[in-house]
Structures are given as structure tokens and as C-alpha cells.
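The block underneath contains the structure these notes are about, expressed in C-alpha cells.
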Amino acid sequence: MGYRRNEAPGAGVLSSRMRFNNPNGGLMKTGLIAARVLSLGMVLSAAHSAWAMPFSVGAPVSAEQGASISASLVDDGVAQLEAADILLTFDSAVFTYLGAAVGSVTSGFSLVAGSPVSVGGTLLQVELSLATSGAAVDGVSGSLVDLSFLIKSNAPLGFSEFVFAGKPLSDYDIPITSGGITVTQAPTQSAPEPVSTALVGVGILALAAGRRRPTRTVTPRHDQVALAVQ
């Protein structure tokens, strides 16, 4: 009896053939056993960076022109996070970038935030780098980084996006993740209350009447003038 095992490299398929020698000296194939092997341990030990998802953007649903807001990159399944390099893209016609801070799950991390650079048109991009010298963060949910913005007073109305993504070769893979906010019009200057308007009107009328009042001239009588001459 002879035994031979054939494996397709990297395919995860184990194929075994069992052959018997027949009385005429030939080989007789008696069976074929095929099994697909999925090894989670092998996958996790492969040279790949940590993968954590899903991600989302935390931001107000809407805000007025001129308002200050914050936007966060949220990870609902942090897995072995030690460092991450993140790109943030936003529309400078809508937002003014104010700064960045570590998030709720990266409070012990260092954060390096670059200055916004143009990536075409009114779009700006900021590079953010997170790192820790301590133990990796694992099995928690929360924001990785929190950013502050000012909505410009003349920002166009409507929906505007923040787009996060991991940089190439980042230790922590972050897919393109977008979310945004609807910009609404700032309220106009309110009109004066009716009572205040009435008081102002009365004051103006009184002032005008005082200016038009004639000055009284006293003319001495004739007998008083004669007496004064004597």
C-alpha cells in the first residue's frame, strides 16, 4: 500500500489520495478525501495589522452658522490598539479647524496633529498620529480622537462631511469612514419689542415739540416807558 498527500500551497485545502497496487502491478485509485481547513490561529498569526470595526463619526446632527462643534472618530470594537495614523478631510468653505485631542479610549496616548493642508479645491486634510508606550487598548468602545471646529458665519447651508481614513502602513487599519452635519442659517437680529418702540416714539415726539415751541417776548407798556424817562 502506498500513501501520498498533496497540498495546494496557501489554499487551505488538504487532499489525500490512497492507492493500492493491483495484482497486475498497476495502481488502483480507491478513494479521494478532501477537506477544507480553516485555521483562525494561522490567520491571526499572519503578518497583518490589527483590524477593528465598525467605525463611525460622532457629530451633531445640525448646527447654525457661527457655532462651535466637535467631531469624533468612534470605534465600537477597539482591538489591540497601540498606535494609529489617521487622515481627516473636511471642507474649509464650511469649517475652520480649531484643534484635536485624544478620545475617550486613548486618554493615555500621545497625539501629534499636523496643520491642515490643501488637497484640492476647498478641501483640507489633517494628519493625526496616536501612540502609547503602555499596554494595548482592547475590547472597549469609544472615540479615538476628538476634533473642534467653528462653522463659518457665511458657510453654505446644507450637509457637509468629515472623512476619516487610516494612512497607508498604519499600525491600526481604519477604513474610509464618513459622517457629517447639516448647517442651518443663523437667526436674524430680533426686532425691538412693541413697548420699547412706543417709548422711543414718545421720546422723539417730545423732543420735536420742545424744539418748535416759540420763545415768549415781553413788550413794555407805554406808561411804563414814560415813567422810566421821567
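The values are calculated or read from the model by the stated rules, or taken from the named source; none is laboratory data. Bear in mind that the values here come from a model prediction, so they are computed numbers and not experimental data. Counting neighbours? That spans all protein chains shown, and the Cβs are built from the backbone with ideal geometry, glycine included.
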**OP:** Exactly one condition in (1) surrounded by fewer than 17 Cβ atoms within 10 Å (Cβ to Cβ); (2) in a strand (DSSP E or B); (3) of a type in the set (Gly, Ala, Ser) is not met by Gly139; state its number.
**Re:** (2)
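Every residue, every condition in (1) without any contact (Cβ under 8 Å) to a residue 60 or more places away in the chain; (2) charged (D, E, K, R); (3) within 13 Å of Ala84 (Cα to Cα); (4) in contact with a strand residue (DSSP E or B) (Cβ under 8 Å, 6 or more places away or on another chain), yes or no:
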position	(1), (2), (3), (4)
Leu130	yes, no, yes, yes
Leu147	no, no, no, yes
Ala155	no, no, no, yes
Lys167	no, yes, yes, yes
Subject >> From Leu157, Leu169, residue being at pLDDT below 95 and more than 16 Å from the chain's Cα centre (by Cα) >> reply: Leu169
Original post:
For the subset of the range 164-190 comprising residues that are in a loop (DSSP other than H, G, I, E, B) and among the small types (Gly, Ala, Ser), which member is surrounded by the most Cβ atoms within 10 Å (Cβ to Cβ)?
Top reply: Ser170
Original post:
Could you say which residue among Val57, Val94, Val137 is over 16 Å from Gly180 (Cβ atoms) and not polar (S, T, N, Q)?
Top reply: Val137
**OP:** Restricting attention to strands (runs of 3 or more DSSP E) lying wholly within the range 64-126, give those where 2 or more residues are in contact with a Pro (Cβ under 9 Å, 6 or more places away or on another chain).
**Re:** 68-75, 83-91
**OP:** Answer yes if at least one residue in the range 191-205 is closer than 30 Å to Pro60 by Cβ and either modelled with pLDDT of 60 or more or among the hydrophobic types (A, V, I, L, M, F, W, C) (or both), and no otherwise.
**Re:** yes
Original post:
Of all the residues that make up the range 142-159, how many are in a loop (DSSP other than H, G, I, E, B) and buried (at least 21 other Cβ atoms within 10 Å of the Cβ)?
Top reply: 1
